[in-house]
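Below is one structure, written out as structure tokens, with a few remarks after it.
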């Protein structure tokens, strides 16, 4: 039986509202399904947003009132998945937590993601900002089209200023999950952004015999791609990394302070209203094709609007797909605001690579080197 799956990485940026972003996610998943994609990864903090350039009015020993207002807006943009502050693990996954008198736990985002995966038949992994009690967490959720949510994890080590706005997740959520897609057995887990610079965290995933390694990120530096190649070669695993490509005009108004009089973003795909004129659609390379407005010019020919100037980007993307040998087989994708990378991957290549390197097994020298993680079973999960 073939061990090949078609995988995708979505280089999508967060829209003006969380509901609009969720609609955009659904549109992208449908687009991926039309290309026979089996599994898709979205960027870090895609739902809720990565608050790039925001200061939250903070300095050592001082916080400004306007920074608290920024946090309030950011908190309201985050999603409520109905979990507990400490993380309820299997109880949350299996929906055995106490339910409210009416409705479901959370704000319905979990159920909406499950619907999108179920109706499309695509396995969906997305980064999101999760609110729970009064704390925000940077998280990733795994959504199976058949079984629904199979797992969720919260970033254990926010980086730099992220530590002001995001809490630390439990290392126990680093547990890999297993699934089977079209006869291909997958053991998958996510390391979020700079968690990939934590060697012991990477090894905790390798030790679980991961063959699909997910790296949603906000890092668009030139050093990111070689890190992903190292992870793939080191772990003999397929690596998917998704980042946003975003311009200054697409930052939320609570960061920029600009007027909200502009028309809301539409369609869930493509540029912000500041870059839309008349009727438009967006092609695969990220360019906007502007169509004539029949009310003003029935004869005007379509034109193509140029991409934003390089200085307009606050994050250039760089999403990629890497083979178990470290070969770049998709991307890196730069300066494309609504990109979709796809690649056909033979997961038998993970086993072929284990002939001479299995850092979680024969190459680990477990008789001499030991790794323990609080609350995490490092043994490979049963397939």
Virtual spin-label span in nm between residue 368 and residue 352, 7 Å along Cα→Cβ: 3.1
Please compute the modelled spin-label separation between residue 197 and residue 170, points set 7 Å along Cα→Cβ, answer in nm with one decimal. 2.8
Nearest 5 is fine: what % of DSSP beta bridges in the chain come out antiparallel, could you say? 75
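For segment 121-220, what relative contact order do you get, as a whole percent, if you take Cα pairs closer than 8 Å and at least 6 residues apart?
Relative contact order here is 20 percent.
Would you mind ranking 28, 84 by Cβ crowding within 10 Å, fewest neighbours first?
Working: 28 25, 84 14.
Arranged by neighbour count, lowest to highest, 28, 84 become 84, 28.
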Nearest 10 degrees is fine. How inclined is helix 224-235 to the longest principal axis of the chain, computing both from alpha carbons? 30
As an exercise, use a Förster radius of 30 Å and the Cβ-Cβ distance of residue 19 and residue 222 to find the FRET efficiency, rounded to the nearest 0.05. 0.30
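For 161, 241, what ranking results if the residue with the fewest other Cβ atoms within 10 Å of its Cβ goes first?
161, 241
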Quick check on the chain: helices-only [θ] at 222 nm, where DSSP H runs of length 4 and up contribute -39,500 (n - 2.57) each and the sum goes over total residues. Nearest 500, please. -6000 deg cm²/dmol
In nm, spacing of pseudo-spin labels at residue 135 and residue 84 (7 Å Cα→C-beta vector): 1.3
Relative contact order (%) - criterion: Cα under 8 Å, at least six apart; region: the chain: 21
Using Cα atoms only, what is the angle between the long axis of helix 65-77 and the major principal axis of the chain, expressed in degrees (0 to 90) to the nearest 10? 70
Evaluated over segment 89-246, the Cα radius of gyration and Dmax, each in Å: 15.9, 51
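Which whole-number percentage describes the relative contact order of segment 70-170, with Cα contacts under 8 Å and a sequence gap of 6 or more?
Computed value for segment 70-170: 25 percent relative contact order.
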If each part is reduced to its alpha-carbon centroid, segment 342-366 and segment 201-230 end up apart, in Å, by 14
Read-out Cα extents along the principal axes in Å, derived from the coordinates shown; its label in (1) 78, 52, 41; (2) 74, 49, 43; (3) 62, 51, 38: (2)
Going from the fewest other Cβ atoms within 10 Å to the most, one would list 227, 212, 5 as 227, 5, 212
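What is the antiparallel percent of DSSP beta bridges lying wholly in segment 127-245, to the nearest 5? Please list the in-between numbers first.
Values: 17 of 24 bridges.
Close to 70 percent.
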Expressed as an acute angle from 0 to 90° and rounded to the nearest 10, what is the orientation of the C-alpha long axis of helix 18-34 relative to the principal long axis of the chain? 70
Cut-off 10 angstrom, C-alpha nodes, Gaussian network model of the chain. Which of 100, 252, 171 fluctuates the most? 100
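Here, each number is a calculation from the coordinates, and none is a lab measurement. Predicted, not measured: the structure shown is a model, and the values here were computed from it. So basically every Cβ, Gly included, is an ideal-geometry build from the backbone, and we count neighbours across all protein chains shown.
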